[in-house]
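The values are calculated or read from the model by the stated rules, or taken from the named source; none is laboratory data. Everything numeric in this text was worked out from a predicted model, so none of it was measured. All Cβ positions, even for glycine, are placed from backbone atoms using ideal geometry, and neighbour counts span all protein chains on display.
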Amino acid sequence: MASAPENEKNASAPEKKTLTLKSMINNEEFVVDEHVALQSVTIKNMVDSDCAGDVIPVPTISGEILALVIEYCKNHANPSASEDDLKKADAGIVAKDIYTLIDLVLAANFLDIKGLLEVTSQKIADSIKDLPHQDVREIFGVENDYTPEEEAAVRAEHDWAFEGFP
Amino acid sequence: MEEIWFAINDIPMDVLSRLPVKTLLGLKCVSKDWHRLISERSFIRHQLKRAEPVSGFFFQERFQWCDDDIKAISYIPVKMEGSEVQHSVFNFLPESVVLSAVSNGLICCRSCFPSPQPVIYVCNPLNKEWVTFPWSTPDKRSSLGLAFDPFKDPIDKSTDFKVVTIHQTASDMEVEDEDKDSYLTFDIYSSKTRTWHRSREMCHCHHSLFKNKGIFVGGALYWLTDGDQILMFDVQNELSWLVTVPIPLVQFDSIPEMCIGESEGKLHYVLISEGGLHVWVLEDYLDFTWELKYSISLDEMEKENTEFLCNIQQRVESRMAVDTTPWMDPLAFKDSLLFMRVAARIYLFNFETRKLEELCTLSMLGPNSIISPIVLPYSMSLIPLG
């Protein structure tokens, strides 16, 4: 392998293909290298089954979120990035407010990017860990359907574990 | 989008399953839907993959010379700020019990003696659920171990476990001979078949089991003995071994104290001697391969924790007889945390940070708390029973 002539190597270098992703929410377009975009299993499936045209429309994901997703894919498509670098870069991407994180986790889920789904879910979990229940309800759009008596009864189920609970 | 996202996909389940049990208990108050989700077996199974930290220790006193059991059980939370020692955690059971073993948040205990018909309980004190079954050969001196592995035996439909009891039998009780034929027998209860059976396995062992009993690690139960050996029982294959401890105790001038426990899925052996605080990991039980993991001299430890410790080197060195109470007594070990008594106080030593933290005084745990108490490390789990 090492003795292979230089020109042969150059000849076999593949041409760089690009794909255009378009947010259907605000019509923003992003041109990305194919190998970057293929980290999304959803896009890979489209490309593999020849369903992908020149422009791939991405429904329900805003340009702002799509930019974050592409940033993540670019970082992880870089073969020279060390594990430490990636960790730092991931932390930077998810250093956002909770509503952006929820949009991001839905995007990662739709585009089927496992690593991004993982770091975003973990970040959301960390962010809600110490929040008052009313804030959690607002973030998740959940209504409190307990009566005060019922809620007290739920707390009483685990009374001793709640001792010293924030 | 936020309003409906909880309902439409499994992301919320994935997010919530990353939270510690205590947070999830609180989140049950968010709504009835969340309460249902957090109580579902499929969710709990998912959540178990997350390593749950030690939340506290259960502590039960024992009489040294009297045959009766002490009923009171204390729970000592790891983070003591704002939380207190609790005394009523097991009040949901129909009678007073003696704690025996813990495994993945489930606790195995038995009726207090004297009892007209002693039974065994396996319970989850967090959701106050329990199952009970008869004890085929009730014997106060026999030791109980709980084998429960929710990863090997998924909890999708039911919660399956095994309880192993050990009886020590000396064929000739009267002869105090070195060669006396003392052996251990094993009875196994399976929750799947709801039956007991006596294992064919027998283990010749001249030592008594003491302190940490029935530590469940990687499919096997381990018991510390008062000799230089640890008893191991492979629950699946019903095989027993005696594992030689990493260092023979006779090599010390004074009497050391030890305990065993689990951390990162492996058995650990903790020794406090005049040489300091040492922890070994059992890497291979067939070859008795122990690897030294932590080593701290008593002077170093004292220097780093001057607010709690004073003159411990001399105190530990001066223990010359087994029946003198040790100054420092390692009582339980789990996930790099050592629960130990020093003089009349209970401390938690974190081997990773090398920090000592006072948890409580012995007086908060009862008048008999100094001599060989039962101590179980506890990590909360949502696992349902019954």
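So the values come out like this:
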{"read-out": "A:Phe165 vs. criteria at pLDDT below 90 and in contact with a Gly (Cβ under 7 Å, 6 or more places away or on another chain)", "value": "yes"}
{"read-out": "Residue count, region A:129-141 (criterion: more than 8 Å from every other protein chain (Cβ to nearest Cβ) and aliphatic (A, V, I, L, M))", "value": "1"}
{"read-out": "Top-ranked residue in region B:99-145 [being of a type in the set (D, E, K, R) and not in a loop (DSSP other than H, G, I, E, B); ranked as farthest from the other protein chains (Cβ to nearest Cβ)]", "value": "B:Arg110"}
{"read-out": "Count - residues of region B:165-209 that are among the hydrophobic types (A, V, I, L, M, F, W, C), surrounded by fewer than 15 Cβ atoms within 10 Å (Cβ to Cβ) and modelled with pLDDT under 90", "value": "3"}
{"read-out": "Checklist (1) closer than 20 Å to B:Leu337 by Cβ; (2) modelled with pLDDT of 90 or more; (3) not hydrophobic (A, V, I, L, M, F, W, C) applied to B:Lys79, failing item", "value": "(2)"}
{"read-out": "Long-range neighbours under 8 Å by Cβ, at least six apart or interchain, first residue among the basic types (Lys, Arg) within region B:207-225, second assigned to a loop (DSSP other than H, G, I, E, B)", "value": "B:Lys211/B:Ser372"}
{"read-out": "The lone exception for B:Gln313 - which of (1) part of a strand (DSSP E or B); (2) of a type outside the set (D, E, K, R); (3) within 17 Å of B:Leu356 (Cα to Cα) it fails", "value": "(1)"}
{"read-out": "Matching option when the condition is surrounded by 13 or more Cβ atoms within 10 Å (Cβ to Cβ) and farther than 30 Å from A:Lys129 by Cβ, among A:Ala37, A:Ala81", "value": "A:Ala37"}
{"read-out": "Unique residue being within 9 Å of chain B (Cβ to nearest Cβ), within 10 Å of the chain's Cα centre (by Cα) and assigned to a helix (DSSP H, G or I) when the list is A:Leu106, A:Leu116", "value": "A:Leu106"}
{"read-out": "Selection count where residues are over 19 Å from A:Ile98 (Cβ atoms) and under 30 Å from the mean Cα position of the chain (by Cα), scope region B:21-34", "value": "4"}
{"read-out": "Criterion: surrounded by 19 or more Cβ atoms within 10 Å (Cβ to Cβ), modelled with pLDDT of 90 or more and in contact with a Lys or Arg (Cβ under 7 Å, 6 or more places away or on another chain) - qualifying residue of B:Val15, B:Val30, B:Val21", "value": "B:Val30"}
{"read-out": "Set B:Val375, B:Val279: member being more than 30 Å from A:Glu157 (Cβ to Cβ), part of a strand (DSSP E or B), aliphatic (A, V, I, L, M) and touching a residue at least 40 places away in the same chain (Cβ under 8 Å)", "value": "B:Val279"}
{"read-out": "The listed residue being small (Gly, Ala, Ser) and either more than 9 Å from every other protein chain (Cβ to nearest Cβ) or under 30 Å from B:Pro138 (Cα atoms) (or both), out of B:Ser42, B:Ser83, B:Ser55, B:Ser17", "value": "B:Ser42"}
{"read-out": "A:Ala161 being within 9 Å of another protein chain (Cβ to nearest Cβ), closer than 30 Å to B:Ile76 by Cβ and within 23 Å of the chain's Cα centre (by Cα)", "value": "no"}
{"read-out": "Out of A:Cys51, A:Cys73, sole residue that is away from every other protein chain (no Cβ under 14 Å), of a type outside the set (S, T, N, Q) and outside any helix (DSSP H, G or I)", "value": "A:Cys51"}
{"read-out": "Count of region B:128-138 residues which are crowded, with 16+ Cβ neighbours inside 10 Å and at pLDDT below 90", "value": "1"}
